[in-house]
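Novice: The structure is given below, and queries will be raised subsequently.
The values are calculated or read from the model by the stated rules, or taken from the named source; none is laboratory data. The structure displayed is predicted, hence computed values, not measured ones. So basically every Cβ, Gly included, is an ideal-geometry build from the backbone, and we count neighbours across all protein chains shown. For accessibility, only protein heavy atoms count, side chains too; no ligands or nucleic acids. Shrake-Rupley method; radii C 1.70, N 1.55, O 1.52, S 1.80 Å.
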Amino acid sequence: MTYSAGYGDPESGGPATAWRDGWPVYDRSGTVCVIGAGPSGLTAMKNLKEQGFGVDCYERDTSVGGAWNWRHDRSPVYASTHLISSKPFSQFPDFPMPDSWPDYPKHSQVLEYLEHYADHFDLKPHIWFGTEVVKVEPAEGERWDVTTRSTGGYGGERIHRYAAVVIANGHNWSPKRPEYEGLEDFKGEVIHAAQFKDAAQLRNKKVLVIGAGNTGCDIAVEAAQQAARCWHSTRRGYWYTPKYTLGRPADQVNDLMLWLKLPLRARQFLAHRTLKSTVGDLTRFGLPKPDHKIYETHTIVNSQLVYYLGHGAVSPVGDVARFHRNSVELKGGEVIEPDLVVLATGYHPSFDFIDGNLLGVDASGRPRLAMHAFPKRQPTLAVAGLLQPDSGLFPLVHWQMVAFARMLRVREAAPAKAVAVQRRLEAELDRRWTTAKVKDSTRHWFEISHTTYLKAIQRLLDELSLEGAK
Amino acid sequence: MKVMRAREWAFPIAPVRREVRRATPELDEGKPPVLFVPGFGHGAWVFAEHWLEHTADRGFPAYAVSLRGHGDSAKAPKATLRAYAHDVAQVAASLPRRAVIVGHGAGALVTAHALARYPARAAVLLSPVFGGAGTALRNPMLSLPALFGGGLRLPAGQLFSRELPANAARGYAARLGRASTRAQWQLLRGRTPQPPVGDPPVLVVGSPDDRIVSDTALRRVARGYGGAPLLFPGMGHDLMLDTRWREPIDAILDWLEKSA
Ligand SMILES: Cc1cc2nc3c(=O)[nH]c(=O)nc-3n(C[C@H](O)[C@H](O)[C@H](O)COP(=O)(O)OP(=O)(O)OC[C@H]3O[C@@H](n4cnc5c(N)ncnc54)[C@H](O)[C@@H]3O)c2cc1C
Ligand SMILES: NC(=O)c1ccc[n+]([C@@H]2O[C@H](COP(=O)([O-])OP(=O)(O)OC[C@H]3O[C@@H](n4cnc5c(N)ncnc54)[C@H](OP(=O)(O)O)[C@@H]3O)[C@@H](O)[C@H]2O)c1
């Protein structure tokens, strides 16, 4: 099999060369298909192109940026979103964000960055906007038939056959909605955080925010400033890391400790001490004591929540027991009367266009992938960006895609080596890429430590080196 | 390829104001932008003399950056090689399209470091000073002061061929500045740059009559990138300021048209 380089035009793919269920299949020979033009899809395209592959990308929206394009219907981003990871952790490792930008850029800057990346590396001519992938099925020779149609279902479906597929559809757009007794009868308004766009939605309302991921904490902070009242419900205590510690962005301090090779326990100790000496013991505000050490839940980076707790503008409450017609009952028996409930309970991954078995998806919806990216026995399929890192995502997904492109190259040049690497990856299918004992929660399915993960990537890249093999 | 960069993440380079000179073609023919990186002591002006306009006339958008502490960029007495490479990657990434980087003298070493952090479309190393003991031994009078905190001395006679009129040579030499002491040390120590990302084609250009870079050094650098140098006999170290400045730049642009 050879891979073709250069631009492709799936519309003029020539005559159909195969058939599937009575439909024509257009063969795109060695081209790789990328699903989604968010950060993960863009870096997949850039790195595949760089290693000489032709790429076709399908994006159901009308522009690039994925989650960071808040004009997109499904974008989870709200007006006040800023990065939680500082610039060195938030940029692609070979494409720095401008020096003139702040430590923690705003969502509109991230979008600008992604648009610039797409232009700089000439990716847009490869993207089919307003086109949704509805089916991905295996074809002979470890290739893939990809069925697309216009977003919204207008027009017919088309099938193209690809040498490989990268699934970069994001995992922060399909809301995770908890079920509560009495919720249907509740007369107040209930929205998921995905529908929260602007602080104006909270103005002068009595707001209950459920969940203390980064989304829930951001919304509680907005509510503290805009709403008539704000209750923040959490089912456990957390560590709220400020954006700055010891005079620099907190994640840079953390990596300084990593650079000094401090083990996890020492880092946890130091982080606990630092928090204790700055914000102090949060149980004095009525918050539960954390049931875990720091780094054992997905890091919350928020300097303002503690500030507003201390101003009484956010009232911490426990888990919700049930809803009534006009009120919400908490597990302690307390009853509150919000007009607006925001479920900031996170998002589910969703791969409805592919047979879940190919990704090892279990009954709870959790895929089983080597390094959260490479499915078992499918060497020409990868999932990009399905990670919940303790730092920024962009560098990690960049390296994932450098490795995948290399893997495809090695399959061509040294097939035996490719098989050996694939086997080794599969042997580590259930490995977790973090040393911390993370809490058992669906939100931690893809939780990783960026250092542990990048070391594994380094190993993979070294194994895939073709030097000396040629 | 180095994936773990904890030190770089923990200590990001401080931002500075940077001088970028540019010349853009009248018509955008879709050719890649070319970013020129001057060597130690030199500023963007050395390329603004002839090469920027000439490159633009041939249809390539042309840019030249002054490394921090040089030309009209902000002062940076403590700058490291990494900070200089950061300056190059910052400017390259800000350009509308994937750029070609052309580095001169020690700027070629800075460029080589930048190539490990930005996937250039192609790169050209002009009269490259890659440092190490060889550089110091060949030019003891130039480099000794650097070891003791002085500047690398670059007298006009070392930089230009005899064809360049003496007063022009003196004028240029008078405009030279100096790199930071730390960067000079790092140059003499000569740490090998990490391999380039994105596998760009690399061309090495120089003169056998360069009095700073020996023929052997030139060939060694070229061999490191899997090629042989393109030579312009009779020219001095500062190819872009010499009387026959047109020849090397035309050869470089011809090469770019073919390979990038
Ligand atoms: C509020 C918020 C803040 C965040 N802050 C940070 C942060 O500070 N740092 C950080 O690193 N990460 C952050 N994240 C995580 C964020 O999800 C990632 O940064 C990043 O956007 C993930 O990129 P992606 O390309 O994998 O997915 P997405 O950005 O979701 O992009 C997926 C793309 O695929 C398209 N698509 C999906 N299905 C199909 C289909 N069937 N056919 C065609 N196209 C399809 C979508 O339209 C979309 O454009 C944040 C997330 C949220 C919710
Ligand atoms: N840059 C930014 O500013 C920013 C902002 C927002 C989000 N993000 C990122 O976006 C991603 C998603 O974040 P997210 O905050 O939307 O989701 P998340 O991290 O999954 O957090 C969900 C929160 O809801 C709670 N929860 C879930 N199900 C619940 C239930 N049934 N009952 C009660 N509580 C429940 C969880 O509690 P448990 O801990 O008990 O499971 C957790 O506190 C993360 O990677 C995050 O870092 C970044």
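Novice: Below 8 Å between Cα atoms, with a sequence gap of 6+, how large is the relative contact order for chain A in percent?
Specialist: On the way: 927 pairs, mean separation 82.2, N = 470.
The value is 17 percent.
Novice: Consider a paramagnetic label point 7 Å from the Cα of B:Asp209 along Cα→Cβ; state which residues of the stretch B:222-260 have an amide N under 11 Å from it.
Specialist: B:232-237, B:243-244
Novice: Of the listed peptides A:384-390, A:215-221, A:73-79, A:263-269, what is their order by residue-averaged count of other C-beta atoms within 10 Å, with the highest listed first? Mind dumping the intermediate values first?
Specialist: Details: A:384-390: 24.7, A:215-221: 26.3, A:73-79: 18.7, A:263-269: 14.7.
Output ranking for A:384-390, A:215-221, A:73-79, A:263-269: A:215-221, A:384-390, A:73-79, A:263-269.
Novice: Between B:Met4 and B:Glu49, what FRET efficiency follows from the Cβ-Cβ distance if R0 is 60 Å, with the result rounded to 0.05? Could the numbers behind the result be given before it?
Specialist: Numbers: r = 42 Å, r/R0 = 0.70.
Efficiency for this residue pair is about 0.90.
Novice: Measuring from centroid to centroid over Cα atoms, what is the spacing of the stretch A:42-121 and the stretch B:181-221 in Å?
Specialist: What the calculation gives is 34 Å, centre to centre.
Novice: What number does the stretch A:70-185 give for Rg over Rh if you use C-alpha atoms and the Kirkwood radius?
Specialist: Working: Rg = 18.9 Å, Rh = 17.9 Å.
Rg divided by Rh gives 1.06.
Novice: What share of all Cα pairs of the stretch A:64-104, in percent, falls into each consecutive 5 Å distance bin?
Specialist: 5, 21, 22, 25, 20, 7, 0
Novice: Mind checking the mean number of beta-carbon atoms from other chains within 10 Å of the Cβ atoms in A:91-98?
Specialist: On the way: counts 1, 2, 9, 10, 7, 10, 2, 4.
Averaged over the peptide's residues, the number is 6.
Novice: Relative contact order (percent) for the stretch B:6-259, with alpha-carbon contacts under 8 angstrom and 6 or more residues of separation?
Specialist: Numbers: 536 pairs, mean separation 49.9, N = 254.
So the answer I get is 20 percent.
Novice: Right, something else. If one computes the Cα centroid of the stretch B:8-81 and of the stretch B:223-260, what distance in Å separates the two points?
Specialist: 18
Novice: For B:91-104, what's the mean count of beta carbons from other chains sitting within 10 Å of each residue's beta carbon?
Specialist: Values: counts 1, 3, 11, 6, 2, 3, 4, 7, 1, 0, 0, 0, 0, 0.
Averaged over the peptide's residues, the number is 3.
Novice: So if we plug the beta-carbon distance of A:Arg265 and B:Lys75 into 1/(1 + (r/R0)^6) with R0 = 51 Å, what FRET efficiency do we get, rounded to 0.05? Don't skip to the end; give the middle numbers.
Specialist: Working: r = 44 Å, r/R0 = 0.85.
Efficiency computed from Cβ-Cβ geometry: 0.70.
Novice: Quick one: Cα centre-to-centre distance for the stretch A:401-470 and the stretch A:225-253, in angstrom?
Specialist: The stretch A:401-470 and the stretch A:225-253 have Cα centres separated by 33 Å.
Novice: In addition: Run down the lysines and flag those whose C-alpha is under 21 Å from the C-alpha of A:Lys205, throwing out any fewer than 8 positions away in its chain.
Specialist: Excluding near neighbours in sequence, the set is A:Lys187, A:Lys197.
Novice: Which FRET efficiency, nearest 0.05, do B:Arg17 and A:Ala79 yield, Cβ-Cβ r, R0 35 Å? Please list the in-between numbers first.
Specialist: Details: r = 31 Å, r/R0 = 0.89.
According to the calculation, E is roughly 0.65.
Novice: For the pairs A:Lys276/A:Lys331; A:Lys176/A:Lys293; A:Lys135/B:Lys31; A:Lys124/A:Lys417; A:Lys106/A:Lys331, flag any whose C-alpha to C-alpha distance is greater than 32 Å. Write out the running numbers ahead of the final one.
Specialist: On the way: A:Lys276/A:Lys331 28 Å; A:Lys176/A:Lys293 25 Å; A:Lys135/B:Lys31 39 Å; A:Lys124/A:Lys417 34 Å; A:Lys106/A:Lys331 37 Å.
Result: A:Lys135/B:Lys31; A:Lys124/A:Lys417; A:Lys106/A:Lys331 exceed 32 Å.
Novice: When the solvent-accessible surface of protein heavy atoms is calculated with a 1.4 angstrom probe, in what order do A:Lys455, A:Lys106 fall, highest first? Spell out each step's value before the answer.
Specialist: Working: A:Lys455 125, A:Lys106 75 Å².
Reading off the accessible areas and sorting them downward yields A:Lys455, A:Lys106.
Novice: About its Cα centre, what dipole magnitude does the protein assembly as shown give when the only charges are +1 on Lys and Arg Cβ and -1 on Asp and Glu Cβ, stated in debye to the nearest 20?
Specialist: 2660
Novice: Can you give the Rg to Rh ratio of the protein assembly as shown, both from alpha-carbon atoms, with Rh computed by the Kirkwood formula? Provide the component values of the computation, followed by the final result.
Specialist: Values: Rg = 28.5 Å, Rh = 28.1 Å.
Rounded to two decimals, Rg/Rh equals 1.01.
Novice: On to the next question. What percentage of all Cα-Cα pairs in the stretch B:6-259 are separated by more than 26 Å? Write down the numbers at each step before the final one.
Specialist: Values: 10415 of 32131 pairs.
More than 26 Å apart: 32 percent of the Cα pairs in the stretch B:6-259.
Novice: Got the relative contact order for the stretch A:324-431 handy, in percent, Cα pairs under 8 Å and 6 or more residues apart? If you can, show how the numbers build up before the last one.
Specialist: On the way: 86 pairs, mean separation 20.8, N = 108.
Worked out over the stretch A:324-431, it gives 19 percent.
Novice: Net charge around A:Met97, counting only other residues with Cβ within less than 11 Å of its Cβ (Lys, Arg = +1; Asp, Glu = -1)? Please report the intermediate quantities before stating the final value.
Specialist: Working: positive: A:Lys87; negative: A:Asp99, A:Asp103, A:Glu112.
It works out to a net charge of -2.
Novice: Summarise the partner chain shielding of A:446-454 as one whole number: the mean count of Cβ atoms from other chains within 10 Å of each residue's Cβ. Provide the component values of the computation, followed by the final result.
Specialist: Values: counts 0, 0, 0, 0, 3, 3, 0, 1, 4.
Per residue, the average neighbour count from other chains is 1.
Novice: Once fully extended, how much extra length lies between A:Ala321 and A:Phe129, figured as 0.36 nm per residue of separation less the alpha-carbon to alpha-carbon distance?
Specialist: Working: separation 192, 0.36 × 192 = 69.12 nm, distance 4.41 nm.
Between A:Ala321 and A:Phe129, full extension yields 64.7 nm more.
Novice: Which Cα, out of A:Phe92, A:Thr62, A:Tyr78, lies furthest along the positive dipole direction of the stretch A:53-94 (beta carbon charges, K/R +1, D/E -1)?
Specialist: A:Tyr78
Novice: At most 16 other C-beta atoms within 10 Å and a DSSP loop state: those are the exposed trypsin sites (Lys or Arg not before Pro) I care about. Give me the longest piece of chain B that has none.
Specialist: Working: sites that count: B:Lys2, B:Arg5, B:Arg17, B:Lys75, B:Lys78, B:Arg97, B:Arg153, B:Arg162, B:Arg175, B:Arg191, B:Arg244.
Longest site-free region, per DSSP loop and neighbour criteria: B:18-74.
Novice: Then there's this: To the nearest 10 square angstrom, how much accessible area does A:Lys417 have with a 1.4 angstrom probe?
Specialist: Per-residue accessible area (A:Lys417): approximately 60 Å².
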